Amino acid sequence: MKLPLTYLLIPGALAAHTLRGNPPPPQPTSVQLSYMNKQIGGLITWAINEDNGGYAACSGCSWGQDHVTPPSHFNPTTTDMAKKWVDAAKAFGAKSLTLSANHCGGFAMWPTNSTVVDADSGESSRYNYSTAFAADNTRDIVKEFVEACEEGGIGAGIYLNIGMNMFMDVGANSDSHSIEPTGRFQACWDENGANQTLLLGQVKSTIDNYCDTFKEHLVELFGGRYGHDFVEVWLDGGYPEELGEFIADLIDENQPKAVIFQAPNWDVLKHSGNSVRWAGTETGHTPEEDMWSTVRSDQQGEQGDYGFGVGDADGDVWMPAEQDAPIADGFDYGGFWYPGQDPKNLTELIREYEDSVGHNSNFMLELSPDRDGAIPASNLEAYTMFGGALDRCYRPGGSGVVASVEGFKCESVAECSVIISAKGEVDRVRLSEADSFRFVRGYDVLVGGVVVASGRSVGRCRIIRLPSVLGGGRKSQ
């Protein structure tokens, strides 16, 4: 396979259409700009596991089960596990790594002090690693993860699923753990029938106990126990409105460097506004090529985010997009490891990079440890090949002639032209706006006076695959 080593045009021009006579667009925070400049990160999708067949053989999924997995089934044995996760993420150039500390099954990866009280029996129970019948019941995987990130020089983030919790019977049912983000508390037994039978191992929670439990979780994770330097707080599944103000105040006070995925509504709760949004798919490919970093506050998306998906060029809120994708090929594994799965090939991973980072959306490639916490050798090889290809193709100092149009801006005129040239064969163009990545509203790429590509948004990065190779040769993979 011929890798694309040069991504700029043989002598041509770029016409960029920018803002003129319009109100100034919203400004990003310094935290949001820092996040956008990272461009690529990793997401560890991992939770408690089962040891039988079917879906339950995966490394953490809880959908399709007819019971809550006992804590004793969680006992990872991989040596230096967290350090190996960091090494795998760095292999493909990730600048940050986020750990799912509590996924939709409800199992906590740290020794939480919180308890859940059953609304019927009054009995208290915990569902976390410290209750497991493992060799070391005091082990704190979140602590190991944060320390490994610090040692490896990579930003640490934490994923906490508040809106979906199989153990506490919150969300929907055993096959679809979901809550309407920013909506009110939902319990399966309440929403789907007061007499619904709980699954084996579930507890019947109330709104008071639910909120108290997650307040403890939030304080334990983000209140300073693991430091104040997280780069991302990922609130998957949303959160009930009862917790919105608490979350906003806690994160603002204790995690000032973190962007917040599915953050509380900053214009209502008046918090920092360091928000990011989901791009709309988990495929690595944004729903549209033109992705905007601004969204409209009067348009709530299906998942509770402003401007869910592509955003809006005329938005009044700065909220850049984030796009995640599993490493597994084919069937949607939800990011978890399954026996016998194969990683995606290099061509697909490059396409996903170009269709996320190259569409003004950060790319979060998922890491899928197996039940022992190890990254499969085939996945590690895929990460390494992917990182090597990015080094050769896109990053400064690569073996190819890397030339990009970085930092152009045309703030005072309706359009401008930048002459760009490169030697050799090229089939792609990479563009990046200056300053806050917010002025360009449209562009044309011209060669010999002929438009060969057009688009609207540029932002932090826009990668354009040309319809044919310029300078001879064949089109790259």
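The values are calculated or read from the model by the stated rules, or taken from the named source; none is laboratory data. Values in this document were obtained by computation on a predicted structure and should not be read as measured data. Heads up, the Cβs are rebuilt from the backbone with ideal geometry, glycines too, and the neighbour counts pull from every protein chain shown. To get the accessible areas, we keep the full protein, side chains included, count just its heavy atoms, and leave off ligands, DNA and RNA. Shrake-Rupley method; radii C 1.70, N 1.55, O 1.52, S 1.80 Å.
Residues are listed down the side, and each one gets a yes or a no for (1) within 30 Å of ASN362 (Cα to Cα); (2) open to solvent by 20 Å² or more (accessible area, probe 1.4 Å); (3) touching a Ser or Thr at 6+ places or on another chain (Cβ under 9 Å); (4) modelled with pLDDT of 80 or more:
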| site | (1), (2), (3), (4) |
| --- | --- |
| LYS90 | yes, yes, no, yes |
| ALA108 | yes, no, yes, yes |
| VAL116 | no, no, yes, yes |
| PHE133 | no, yes, yes, no |
| ASP140 | yes, yes, yes, yes |
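Just wondering, is there one or more residues in segment 222-242 that are assigned to a strand (DSSP E or B), among the charged types (D, E, K, R) and modelled with pLDDT of 90 or more? Step through it out loud before you land on a result.
As a first pass, look at segment 222-242 and keep what is assigned to a strand (DSSP E or B): 232-234.
Keeping just the survivors that are among the charged types (D, E, K, R) gives 232.
Subset that is modelled with pLDDT of 90 or more: 232.
The answer is yes; a qualifying residue exists.
So in segment 243-261, with the set limited to residues that are part of a loop (DSSP other than H, G, I, E, B) and out of contact with any strand residue (DSSP E or B) (no Cβ under 7 Å at 6 or more places or on another chain), which one is surrounded by the most Cβ atoms within 10 Å (Cβ to Cβ)?
As a first pass, look at segment 243-261 and keep what is part of a loop (DSSP other than H, G, I, E, B): 255-258.
Next cut, out of contact with any strand residue (DSSP E or B) (no Cβ under 7 Å at 6 or more places or on another chain) only: 256-257.
Working: PRO256: 13, LYS257: 15.
Among residues in segment 243-261 that are part of a loop (DSSP other than H, G, I, E, B) and out of contact with any strand residue (DSSP E or B) (no Cβ under 7 Å at 6 or more places or on another chain), the one surrounded by the most Cβ atoms within 10 Å (Cβ to Cβ) is LYS257.
With the condition kept exactly as written, say whether any residue in segment 43-58 is of a type in the set (Gly, Ala, Ser) and modelled with pLDDT of 95 or more.
Here is the first cut: in segment 43-58, the residues of a type in the set (Gly, Ala, Ser) are 47, 53-54, 56-57.
Narrowing the set further to residues that are modelled with pLDDT of 95 or more leaves none.
Scanning segment 43-58, I find no residue that is of a type in the set (Gly, Ala, Ser) and modelled with pLDDT of 95 or more, so the answer is no.
Please verify whether segment 418-436 includes one or more residues that are part of a strand (DSSP E or B), modelled with pLDDT of 55 or more and of a type in the set (S, T, N, Q). Yes, the conditions are met somewhere in segment 418-436.
Test of understanding: among PRO70, PRO28, PRO76, which residue is more than 20 Å from HIS217 (Cβ to Cβ), open to solvent by less than 10 Å² (accessible area, probe 1.4 Å), at pLDDT 80 or above and out of contact with any Cys (no Cβ under 6 Å at 6 or more places or on another chain)?
Details: PRO70 fails: open to solvent by less than 10 Å² (accessible area, probe 1.4 Å); PRO28 fails: open to solvent by less than 10 Å² (accessible area, probe 1.4 Å).
After ruling out the rest, the residue left standing is PRO76.
When residues in segment 383-396 are screened for being open to solvent by 10 Å² or more (accessible area, probe 1.4 Å) and not in a helix (DSSP H, G or I), 2 of them pass. When segment 157-177 is limited to residues that are part of a strand (DSSP E or B), of a type outside the set (Val, Ile, Thr) and modelled with pLDDT of 75 or more, the one that is farthest from ASP236 (Cα to Cα) turns out to be GLY157. Set side by side, the residues LEU367, LEU380 differ, and just one is closer than 12 Å to ALA88 by Cβ, modelled with pLDDT of 95 or more and surrounded by 23 or more Cβ atoms within 10 Å (Cβ to Cβ), which is LEU367.
Just one of PHE408, PHE331, PHE336 is at pLDDT below 60, farther than 21 Å from ARG460 by Cβ and hydrophobic (A, V, I, L, M, F, W, C); which is it? Step through it out loud before you land on a result.
Details: PHE408 fails: farther than 21 Å from ARG460 by Cβ; PHE336 fails: at pLDDT below 60.
Being at pLDDT below 60, farther than 21 Å from ARG460 by Cβ and hydrophobic (A, V, I, L, M, F, W, C) holds for just one of PHE408, PHE331, PHE336, which is PHE331.
When segment 370-382 is filtered for residues that are part of a helix (DSSP H, G or I) and of a type in the set (Gly, Ala, Ser), the ones remaining, listed by number, are ALA377, SER378, ALA382. Just one of the numbered conditions (1) open to solvent by 40 Å² or more (accessible area, probe 1.4 Å); (2) in contact (Cβ under 8 Å) with a residue 60 or more places away in the chain is not true of ARG296: (2). Residues in segment 225-240 that are under 22 Å from LYS270 (Cα atoms) and surrounded by fewer than 16 Cβ atoms within 10 Å (Cβ to Cβ): HIS228, ASP229.
In the set (1) modelled with pLDDT under 90; (2) of a type in the set (S, T, N, Q); (3) farther than 27 Å from ALA328 by Cα; (4) surrounded by fewer than 23 Cβ atoms within 10 Å (Cβ to Cβ), the condition left unmet by SER205 is number (4).
Provide a single number: the residues in segment 332-369 that are assigned to a loop (DSSP other than H, G, I, E, B) and within 11 Å of PHE386 (Cα to Cα).
Of segment 332-369, the ones assigned to a loop (DSSP other than H, G, I, E, B) are 332-342, 344-345, 355-358, 360, 368-369.
The next check asks that each one be within 11 Å of PHE386 (Cα to Cα); those that pass are 344-345.
Within segment 332-369, residues that are assigned to a loop (DSSP other than H, G, I, E, B) and within 11 Å of PHE386 (Cα to Cα) number 2.
Whenever a residue of segment 73-93 is more than 16 Å from THR45 (Cα to Cα), its partners that are at pLDDT 95 or above and of a type in the set (S, T, N, Q), lying with C-beta atoms within less than 6 angstrom and at least six residues away or across chains, give the pairs ALA91/THR384. Restricting VAL259, VAL268 to residues that are modelled with pLDDT of 90 or more and in contact with a helix residue (DSSP H, G or I) (Cβ under 9 Å, 6 or more places away or on another chain) narrows the list to VAL259.
Of everything listed in (1) of a type in the set (S, T, N, Q); (2) at pLDDT 85 or above; (3) over 21 Å from CYS104 (Cβ atoms), the single unmet condition for THR213 is (3).
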